[in-house]
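Structure, as structure tokens:
Readers should treat all values here as calculations from the given coordinates under stated rules, not as data from a laboratory. Quick caveat: nothing in here was measured; it's all calculated off a predicted structure. Heads up, the Cβs are rebuilt from the backbone with ideal geometry, glycines too, and the neighbour counts pull from every protein chain shown.
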Amino acid sequence: MKVIECIALTKVFQDFWGRDRVRAVDKLDLDINPGEVFGLLGPNGSGKSTTIKMLLGLLYPTSGSARVFGKQPTDTAIKSRIGFMPEESYLYRFLNARETLDYYGRLFKLDRHERRRRTEQLIDMIGLKRAANRPVGTYSKGMARRIGLAQALVNDPDFLILDEPTTGLDPIGTRQIKDVIRILGDRGKTVLLCSHLLADVEDVCDRVAIMYGGKLQKLGTCEELLTQNDETQITFRKNEKLLSRVREAIGQNGGEIISESHPTLRLEELFLRVVGQAQRDQLETSGAESTVGVSAFLGGDHRGVDLVSSLVEAGKKPAPGLAADAAGTAAPAGPKTDVLEKLTAKADDVAKTKPEEPKPSPIPSRQPNKAVLDRLMGGGEDKP
Ligand SMILES: Nc1ncnc2c1ncn2[C@@H]1O[C@H](COP(=O)(O)OP(=O)(O)OP(=O)(O)O)[C@@H](O)[C@H]1O
Ligand SMILES: [Mg+2]
């Protein structure tokens with residue numbers, strides 16, 4: 001069964017007098033398969049957020065249909081299977097990170113033990129352990145985005161919708177979110193990612209769609225859309241003698257060299273190396289910390305074990321695209337073997353293990369403020 005199925009989905013916004021004003025989405029046909037990381041691209045006003053709102057049942061289509069897990073988007077039975085990170089996270093300013101996640105956990109009727117387990121794992125994953133007791137209203141933009149991601153994951157959704165998740169994030173946070181998206185995809189989750197950052201979409205998405213004027217303009221895998229099949233690229237160790245013979249051979253055989261250059265680092269890789277060095281030198285920061293891996297509860301423990309084992313293997317090699325540099329310094333953002341090995345210890349144990357003790361923080365640790373949460377929840381007791 002498809003996770004998303006849109007058939008001729010259309011949304012026309014009307015003005016006060018009922019006249020058609022904006023055709024925001026126009027006869028959109030779109031399928032998303034289980035386990036797929038799908039990128040939705042398009043310039044401002046091309047209809048991405050309107051499409052997402054119809055998939056979430058927040059807007060009614062003017063015509064056509066949308067199905068999510070085979071059901072109407074308004075069906076409450078599917079709500080617990082969906083995680084949504086909106087363009088802007090609307091958070092209660094006076095709740096801290098723990099209280100915020102505890103609050104969302106209550107909305108999904110998770111019991112106290114499960115809420116605590118997920119909250120601690122998510123805070124660890126998004127790198128906000130040291131800031132977890134500060135009101136989220138005092139967070140920087142990127143720190144608030146990180147909490148937005150954790151909030152979208154608290155119900156362990158099968159389908160995750162991310163609208164501009166990396167806006168405002170530093171390159172390390174961006175890289176971490178991309179790693180999280182990739183790992184969730186490998187764990188069988190389906191992800192719909194909207195972003196203007198094309199490089200990010202290219203890095204994580206299996207398939208992409210480009211919208212313009214509410215219509216689908218292009219759809220395919222990144223490989224299908226980007227590979228230039230009529231040209232070939234070869235990379236080999238620098239060797240002037242060999243290079244001149246290759247040039248000669250190409251010329252003698254009727255070929256033509258279109259361009260010749262040295263491979264360059266991507267700016268992301270350079271940035272991660274520089275900051276990774278600063279972290280190894282243990283320089284002080286009051287901002288978000290770098291973390292590795294994905295919370296164990298996400299994706300069900302049975303699948304997690306296989307995946308984590310494969311990550312442990314991968315962790316022994318340098319992360320793709322971030323090979324150790326000439327001086328032998330390891331890439332900063334690859335999976336950290338010891339953490340992952342701990343996670344593989346046993347799926348059941350992971351579920352039972354107490355969250356790791358937070359690093360000493362200048363602010364004394366405290367439990368979620370129950371009074372504030374009860375007030376927000378309408379004064380209810382914990383429901384099992
Ligand atoms: N509630 C609304 N009433 C009237 N017009 C709307 C409404 N919501 C969106 N629109 C219009 O629909 C079109 C598509 O908007 P949408 O927010 O879906 O674009 P988007 O692709 O998400 O853009 P962005 O990249 O800027 O987030 C725009 O022209 C927008 O002005
Ligand atoms: Mg939008």
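Here are the numbers:
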quantity: Met211 long-range amide H proximity, modeled H, under 5 Å; calculated: Leu41, Gly42, Gln217
quantity: Column: log10 I(q)/I(0), Debye, Cα scatterers of segment 6-97, q = 0.14, 0.20, 0.24 Å⁻¹; calculated: -0.60, -1.08, -1.36
quantity: Extension gain (nm, one decimal) between Thr264 and Gln277, 0.36 nm per residue minus Cα-Cα; calculated: 2.7 nm
quantity: Around Pro73: net Lys/Arg minus Asp/Glu count, Cβ-Cβ under 10 Å; calculated: +3
quantity: Chymotrypsin sites (Phe, Trp or Tyr not before Pro) lying in DSSP loop within segment 175-283, provided at most 14 other Cβ fall within 10 Å; calculated: Phe236
quantity: Approximate spin-label separation Val22-Asp230, in nm, with each point projected 7 Å along Cα-to-Cβ; calculated: 4.0 nm
quantity: Ranked packing of 70-82, 101-113, most packed first, by mean Cβ within 10 Å; calculated: 101-113, 70-82
quantity: In Hz, Karplus ³J(HN,Hα) per residue of segment 55-61 (6.51, -1.76, 1.60; θ = phi - 60°; x = Gly, Pro); calculated: 5, 8, x, 8, 10, 8, x
quantity: For segment 40-45, Karplus couplings with θ = phi - 60° (6.51, -1.76, 1.60), whole Hz, Gly/Pro x; calculated: 10, 10, x, x, 3, x
